[in-house]
Every structure is written in C-alpha cells, then in structure tokens.
Amino acid sequence: MVLLSIIAALFVTYAVLIIYYWQSWKSIPLLQPSPSQPSTKISVIVPARNEEANIESLLQSINHQTYPKELFEVIVVNDNSTDNTATIVHQFAFVRLISLKEDAINSYKKKAIEIGIAAATGDLIITTDADCIVKPSWLSVIENFYKKTSSVFIVAPVVIEANSSFVQIFQSLDFMVLQGITGASVYKQVHSLCNGANLAYEKRAFTAVNGFEGIDHIASGDDMLLLYKIHKSFAGRIQYLKSKEVIVSTQAEKTWKAFFNQRIRWASKADKYNDKRIFPVLLLVYLFNLSFLVLFIAGWWNSFYWY
C-alpha cells in the first residue's frame, strides 16, 4: 500500500508537469524552411573513443548530406582510441582526423570538442556523437533555421533507436519524455536542457564565453553546462529547432547495468548546474518511470513465486 501511495502521488505530480510541458511542446512551431541559398560555413565536430562499431555508419550518413560539400567540413577527434576507429575514419577522404594526445585530464570529451573547434574553419559548429545517425537534410535545415532566427545556440532533437527488448523500449520512452521536456523548456526559456548529440552554436559564441573554461574540471557536461554559460551571455538567443528532418538517432544501452550507469553519470553533474530548477524535474521523470519498472518486476516476481 505504501508503494502504491507513493506511485499515486508521483503520478498526480507527473501528470500536472507533463500537461504543462505537452502544451508547451505543441506550441513550438514546426520549422517552415525559408527559400534561401546555403551560405554558412559549417564545422561538424565528432569526438570518438573506441567507436569502430559505429563511426562508419555516422560518417556514411554525413556523406549523404544535401548541404553543399564545399560549405561544410567534418572533424573527428580521436580520443585515445585503442581499436580501429582511426583506421575507419581514414577511409573517408572528406573527414579530417585529429588525435587527442592529452592525458590525465578531467574531461576528455570536452577537450576533444575544444581541440576540434580550435581547428575548425566554420562559423557554425555542429556537434554529434560517434554512435549516431543523421538525416540527409540535417545540415541544410539547421543552417536555414540558424539564418532565419539569428540564434547563437540551437538545440535539436535526439531519439533512441530501440529493439524489442524491455530495457531498450523503456529507455526509448523515458528518453522521449526527456526530449519533449527539453524542447518545451528551451522554447519557454524555463530550463537549460539539451543533448550533445545534436547541437549547433556559433564559434564566436563559444569563444566569447571562453569555451569550457570554468567547467572543464567536470567530467561531463559538454552540452548543458556549455548551454548555460552561453545563455548567461546571450540571453534570448537560445532556440529549439522542431523538425523531423533534423532528428538524430542514437543507440540504446543494451543492459540494465549500462543504463543505470549512464543515469548515474548524468546525475553526478546535477549539483554542478547553476540552473537548479532542472534537477527536481529530471528526478521526478526518472522516479515515475522507475516506479513502473518496479511494479513490473514485482508483478513478474509475484507470478513466478506463485507458479
């Protein structure tokens, strides 16, 4: 009964929260691209560590972009990989490979992105992860939105590709809710939420806030911590891009252990955010979804026990 009471309270609170975010999400206008010729030089930065199983698929999807090839570059930063990541990247002539040689630093991913941006020639930086897949019009739509809105930081959608296993379906649904909250929060300017698998920001904005300086001692946070830094200097110029054409897909964790370890990593940086309104929202979503998992396991165990 105690468990059911807790879940009921979570449900009521969650329902109120989701109704607010759902209404906010629906109010975000779908992008209607303006007729214009691409003109922005883009640098795509991909940090990669031991991604031999994924990097080829990502680079193939980037190679199929409709954006003019002379207007974008792809920089993969090899973060101390011990597998064949670098060998695979070398197969793509349009990709520039840079090796991260620093050791004993707090955040390898931030350093990899920082090195990539330092070498970038583009005005607009777009980041994604090595285990992602992008759509053919990904760069074209982002660039169109960038010019249309004069944004300095663009948050774009990410989805988790799931198979039929319960652990991956759970992750996909959980992540879908978080993405809805992300879009609504950015649009309403109530939280600083984003995902590093699909971000775009001006190189000059990154430079203006001194990049990751001040947050480089934190192992993660290359996305949300940077967003908050830029938000403080460029308030009102953070935008969410709502378009199916820019959705980036990423892979789900394969086991419950890997999933919980991922969430522990995410939670470990919660006290580093200056925007303290984020934590209770994320905690509520996680506890609500977890409660249904507990009920499922309890029901399964009860059936097994009485079999």
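The values are calculated or read from the model by the stated rules, or taken from the named source; none is laboratory data. Since this is a predicted model, take the numbers as computed values, not measurements. Note: ideal-geometry Cβ built from the backbone for every residue, glycine included; neighbour counts use all protein chains shown. Note: accessible area is taken over every heavy atom of the protein model, side chains too, but ligands, DNA and RNA are not part of it. Shrake-Rupley method; radii C 1.70, N 1.55, O 1.52, S 1.80 Å.
Calculate, for SER172 and SER57, the FRET efficiency according to 1/(1 + (r/R0)^6) with r their C-beta to C-beta distance and R0 25 Å; round to the nearest 0.05. Once the sixth-power term is evaluated, E becomes 0.85. Placing a pseudo-label 7 Å from each Cα along the Cα-to-Cβ vector at LYS101 and VAL159 gives an inter-label distance of 4.3 nm. Per residue, the accessible area of the range 142-255 comes to 38 Å² when a 1.4 Å probe rolls over the protein heavy atoms. Sorting 110-116, 48-54 by average packing, meaning the other beta carbons within 10 Å per residue, from highest down gives 110-116, 48-54. Residues with beta-carbon under 15 Å from that of PRO29, excluding PRO29: net charge, scoring Lys, Arg +1 and Asp, Glu -1? Neighbourhood net charge equals +4.
What is the local net charge at THR87, summed over the other residues whose Cβ is closer than 11 Å to its Cβ (Lys, Arg +1; Asp, Glu -1)? Within the 11 Å Cβ shell, the charges total -3. Under the simplified labelling scheme, the THR149-GLN189 pair shows an inter-label distance of 1.3 nm, with each label point 7 Å from Cα along Cα→Cβ. Dividing the mean sequence gap of close Cα pairs (under 8 Å, 6+ apart) by how many residues the range 1-140 holds gives a relative contact order of 34 percent.
Distance between the modelled labels on ALA235 and TRP22, one decimal in nanometres: 3.3 nm (7 Å Cα→Cβ projection).
Couplings 3J(HN,Hα) of the range 55-66, computed from phi: 4, 5, 5, 4, 5, 5, 5, 5, 5, 9, 5, 7 Hz, in residue order, whole Hz [Karplus 6.51 cos²θ - 1.76 cosθ + 1.60, θ = phi - 60°; x for Gly and Pro].
The portion of the accessible surface of the range 1-105 made up by carbon and sulfur, rounded to a whole percent, is 60 (1.4 Å probe; DNA, RNA and ligands excluded).
Cα-Cα over 19 Å: which of LYS41/LYS203; LYS41/LYS148; LYS135/LYS254; LYS69/LYS101; LYS109/LYS135? Flagged as over cut-off: LYS135/LYS254; LYS69/LYS101; LYS109/LYS135.
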